[in-house]
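> Take this structure, written in structure tokens, and hold onto it; I'll ask about it next.
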Amino acid sequence: MSTTSSAAINRDAPVAIHAQISEGIRSRIASGEWPAHYRLKSEPELAHDLGVSRGTLRRALTTLIQEGLLRQVRGRGTFVTSTTIEPAIAQKLSTLSEDFANQGIVTTTTVLECSLIDPPRPIAALLDVPAGGSVLKLVRLRSTDRGPVALLFNYVRTDLAPGIEGVDFTTASLFGTLEGAYGLKIDAARRTFSAQAAEADVAAQLNLETGSPVQYLQQVTYLADDRPVEYSDVWIHSGRLQVTSLLSRR
């Protein structure tokens, strides 16, 4: 994955080095190469890649944080800021299939696609996919006796789960496979909800009219060592499935 490099810094230019670094990051955000929620490398790694001191790098990052382009989360790192307001809600990380099972709801899964692809640039950035690397694209439709309830697009790093494209996900759980078959420790995720008007392909799968309101979920999942392992887009039939958060002010 490309990043601002020492080769991109002109040490003879009249523009200060920290300003050049800030501009390089701005360009990557503006182009979509670093999408919303993209996590930057750690400060020591970035400073090493750029061939600058951590003080110079920190000055560049501080400028972008003040501009609202980046934000820092204690213990997690520095992220590209979303353009929408996103209040944080702390919840236990679980999957839709786990939530259904816990409530005794019987579901069926139809696998619409399970193949290896070259990831689109925003997904490659969010998953920190190595140059030339591939990802598993897994598309599934979850249904109950009332009909389709959720359309899921999952993208998984295959360098962390080689051969995963051979798994039968009509019955197997994605997280269960990653943890059980590959010994990966899933630790945390960033999940964002929003309302959308269903586009034609989503509406067709969920048995809705084009433009009908749906809940949209976007998630990046991280391992215990902070490596991103999975990215997902999920569209939920609002008339058949509601998402409830149990919150405490304490």
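The values are calculated or read from the model by the stated rules, or taken from the named source; none is laboratory data. Predicted model only: the values in this text are computed from it and were never measured. Cβ atoms come from the backbone with ideal geometry, glycine included; neighbour counts cover every protein chain shown.
> Find all pairs meeting these conditions: Cβ atoms under 7 angstrom apart; at least six residues apart or on different chains; first residue within region 1-28 and within 22 Å of PRO120 (Cβ to Cβ) and at pLDDT below 85; second residue of a type in the set (A, V, I, L, M) and surrounded by fewer than 12 Cβ atoms within 10 Å (Cβ to Cβ).
Cβ pairs passing all conditions: MET1/ALA131.
> Another question, if that's okay. Determine whether ARG157 is touching a residue at least 40 places away in the same chain (Cβ under 8 Å) and within 22 Å of LEU241 (Cα to Cα).
On the way: touching a residue at least 40 places away in the same chain (Cβ under 8 Å): yes; within 22 Å of LEU241 (Cα to Cα): no.
So ARG157 fails the test.
> Another question, if that's okay. Pick out, from region 57-167, the strands (runs of 3 or more DSSP E) lying fully within it that include 1 or more residues that are small (Gly, Ala, Ser), at pLDDT below 95 and closer than 23 Å to ASP225 by Cβ.
Working: elements: 70-73, 77-80, 108-117, 135-144, 147-157.
Because the criterion is at least 1 residues that are small (Gly, Ala, Ser), at pLDDT below 95 and closer than 23 Å to ASP225 by Cβ, the strands (runs of 3 or more DSSP E) in region 57-167 that meet it are 77-80.
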